[in-house]
Every structure is written in C-alpha cells, then in structure tokens.
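Remarks on the structure that follows.
The values are calculated or read from the model by the stated rules, or taken from the named source; none is laboratory data. Computed from a predicted model, the values in this text were never measured in an experiment. All Cβ positions, glycine included, derive from the backbone under ideal geometry; neighbour counts span all protein chains shown. Note: accessible area is taken over every heavy atom of the protein model, side chains too, but ligands, DNA and RNA are not part of it. Shrake-Rupley method; radii C 1.70, N 1.55, O 1.52, S 1.80 Å.
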Amino acid sequence: MRSIFRWLLLSAVAVAACGFVGLAAAQGYPAKTIRIVVAYPMGGGAEYTARPIAQRLMEQWGQPVFVESRSGGSAMIGTDFVAKSPPDGYTMLLSASSEVSMNVVLYKKMPYDPVRDLQPVTLVGTTPPLLLAHPSLPVKSVKELVALARGNPGALNYASIGTGSPQHFAGELMKTTFRIDMVHVPYKGAAPALIDMIGGHVPIGLVAPTVALPHAKSGRLRALGVTSAKRSGAMPDIPTIAEQGAPGFDIVQWYAVWLPAKTPKDVLDKLQGEIIRIVHSQDYRQRQQEVATDIVGSSAETLGNFQKAEIEKYRKIAAAAGIKPE
C-alpha cells in the first residue's frame, strides 16, 4: 500500500512539474532571435504576408525577428528545414498552400510529412486566382466561355503559373466541372504567362490577382471570375465561378503559419495569440487588401482541419484530371 501511495505521489509531482516547465517556457519566450522562413524567393506573396508580422512581433517582444528565404525543391527545401528545426518556437514557417497540401498529391516522396511534422498555428489569409481572357476572345462571362469551349473542344488553351499550382488545379477543376476540353499551358511564373496572354498568344489564363488586376483594370485583359467560393473583398465587383454555374467551386491560394511538431503548447498559444492580434489589426488588413488577400486569423485546430480537407480536395481533382504524382 505504501509503495502504491509513493507511486501516486511521484506521478502527481511529475505532472505538476511538466506544467511548471511549460509555463516557464511561455513566460521566458521569446528570449532570442526568431526567424520566419518562407520557402520561396523574396518578393512574392509569402514574403509580403510574413514581413509585417515579423515587424510587429519585433516591436511587441523586443527581440529580433527576421524573414528568411529558403527556396527551391517546389517549396519543400524551406519547409523541410522548419519541420526538422528544434520545436522551441524560434523557427516558424509562413507557407503558401503548395508545400503543405498540394505537394502531397504531386510527389510520391517528400522529405517531410506536412500533417505529422508541422504544428498548425493560424491560417493568415486567402487569395483566389483570377480567370482572365484576352479582349479578342468573344466572351464576357464564365457561361459564355463554357459555351465557346463546348463548341470548340480542345481548341482553347489556358495559361497557369505552373503545373501543380492553385491556378492549374483551378483550370482542371473547371474542365471537369463544366465538362469542357481546354489545353493547359504551364508557365514558369506569372510574368511570362501574362506577357503571352496580353499578346494574345494564349486566350485564357488563371493568374494571381496581385499581378493580374492592373491589366484587367486597364482593359488589356478581361476578368471573367474569381475561383473562391465567395467574392473577394479586394475584388467585390468580379463574380465567382461558383455563382456562374458551378456551385461549390472553390480554389484559393492560402497563407498560414506553422511550427515544428511537438512545440510546447504554451509557446504555441503565446505566439498564436500575438499573430492573430496582428493579422486582425486594421493596418495589416488594409495592407493585405491591397494585394487581394482576405484575412482569416484562425485557430490551430481550424487550420489543421482545413489543411486535411485541402489535401483530400486536391487528390480528387488530380484523380479526375489524370494528374499523377512524380
């Protein structure tokens, strides 16, 4: 009996000690430099989303916070670096959607498991690809485009910023949803795709609104719709594809914050609370609106569930479109 009592007492002390360690970790965090890794070259949407977060964290906590680019390998180099970093809250990932969802569908082997090896923090925001047409194409809506494509199967080409991108998946989902035949023309980025679209070499394209909106406003290209389920707050006058005959159509580029798995919960909670406060601030929201990103600021659980749902969605699209993993 005495040995059982002693075991229970030691167990209670151990549990309490773990709680105190976690509390101490949160109270002492951060005590050194924090880095936010983006898995893309500087100058893109991930960096633009991450940099003001870094600035505000530095102002709030009085510790250096810097954004570091570790690009390459279809965004898997930087993501793998974070996944294998110490789980102490000092290295985090500001991801786009590819490296934490679409790559699972596109590659047979990855150096990390985005569900198992990363701890969700918060979904920062979403931005929908913009469906555009050259003015010479006799269509002013998605319904007119579908009618034209059905009357000319295989004759229309559509541009994307690359195979496996949200824009590519949006194009393939259009094909299966509307039962039309269009030919995918992948480009290495938005700039070359837009050059050929404006030149009339490719009549249809799906591009991020950040770089495409100025051309739509100038009349060089015609905006037909956005690929999100709801209209974008930054482009409220542009209808969704969903409301033009495809209920449930929803493809977005999204940005989220992650930590290495097994980061102490108290550290996660402190970091998450501060980042959510930053992204919901008026100045951050306005800054992101300028690049057509709608702010979310979710719980960790919501982000984790969203990631799993996105992986399953892209699996279905890839299977229907015949996209096979490399």
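Which condition from (1) within 30 Å of D113 (Cβ to Cβ); (2) open to solvent by 40 Å² or more (accessible area, probe 1.4 Å); (3) touching a residue at least 24 places away in the same chain (Cβ under 8 Å); (4) part of a helix (DSSP H, G or I) is the one that P325 breaks?
(4)
Specify the residue that is nearest to P166 (Cα to Cα); the eligible residues are those in the range 206-226 that are open to solvent by less than 10 Å² (accessible area, probe 1.4 Å) and out of contact with any Gly (no Cβ under 9 Å at 6 or more places or on another chain).
Selected residue: V207.
With the requirement that a residue be touching an Asp or Glu at 6+ places or on another chain (Cβ under 6 Å) and modelled with pLDDT of 95 or more, what does the range 13-38 give you?
R35, V37, V38
Assuming S69 fulfils every condition listed in (1) of a type in the set (S, T, N, Q); (2) open to solvent by 50 Å² or more (accessible area, probe 1.4 Å); (3) free of Cβ contacts under 8 Å to residues at least 60 places away in the same chain apart from one, which condition is it?
Failing condition for S69: (2).
Determine if the range 307-322 includes at least one residue that is modelled with pLDDT of 95 or more, open to solvent by 10 Å² or more (accessible area, probe 1.4 Å) and at positive phi.
So far as the range 307-322 goes, no, none of its residues is modelled with pLDDT of 95 or more, open to solvent by 10 Å² or more (accessible area, probe 1.4 Å) and at positive phi.
Need a quick list: helices (runs of 4 or more DSSP H) entirely within the range 39-149 having at least 3 residues that are under 21 Å from G273 (Cα atoms) and at pLDDT 95 or above.
Answer list for the range 39-149: 45-61.
Criterion first (of a type in the set (A, V, I, L, M, F, W, C), within 14 Å of V124 (Cα to Cα), at pLDDT below 95 and open to solvent by less than 20 Å² (accessible area, probe 1.4 Å)) does A256 satisfy it?
No: the conditions fail for A256.
Please specify each residue of the range 271-297 satisfying the condition of being touching a residue at least 40 places away in the same chain (Cβ under 8 Å), more than 12 Å from R56 (Cα to Cα) and open to solvent by 10 Å² or more (accessible area, probe 1.4 Å).
Of everything in the range 271-297, those that are touching a residue at least 40 places away in the same chain (Cβ under 8 Å), more than 12 Å from R56 (Cα to Cα) and open to solvent by 10 Å² or more (accessible area, probe 1.4 Å) turn out to be Q272, R287, Q289, E290, V291, D294, I295, V296, G297.
Being open to solvent by 50 Å² or more (accessible area, probe 1.4 Å), over 17 Å from the mean Cα position of the chain (by Cα) and of a type outside the set (D, E, K, R) is the filter here; which residues of the range 72-86 pass it?
Of everything in the range 72-86, those that are open to solvent by 50 Å² or more (accessible area, probe 1.4 Å), over 17 Å from the mean Cα position of the chain (by Cα) and of a type outside the set (D, E, K, R) turn out to be F81, P86.
Conditions tested, residue by residue: (1) β-branched (V, I, T); (2) more than 15 Å from the chain's Cα centre (by Cα); (3) within 20 Å of P120 (Cα to Cα); (4) assigned to a loop (DSSP other than H, G, I, E, B).
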site	(1), (2), (3), (4)
G273	no, yes, yes, no
I278	yes, yes, yes, no
Y284	no, yes, no, no
F306	no, no, yes, no
K313	no, no, yes, no
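Any idea which of (1) within 11 Å of P120 (Cα to Cα); (2) open to solvent by 20 Å² or more (accessible area, probe 1.4 Å) is the one E243 doesn't satisfy?
Only one criterion in (1) within 11 Å of P120 (Cα to Cα); (2) open to solvent by 20 Å² or more (accessible area, probe 1.4 Å) is unmet by E243, namely (1).
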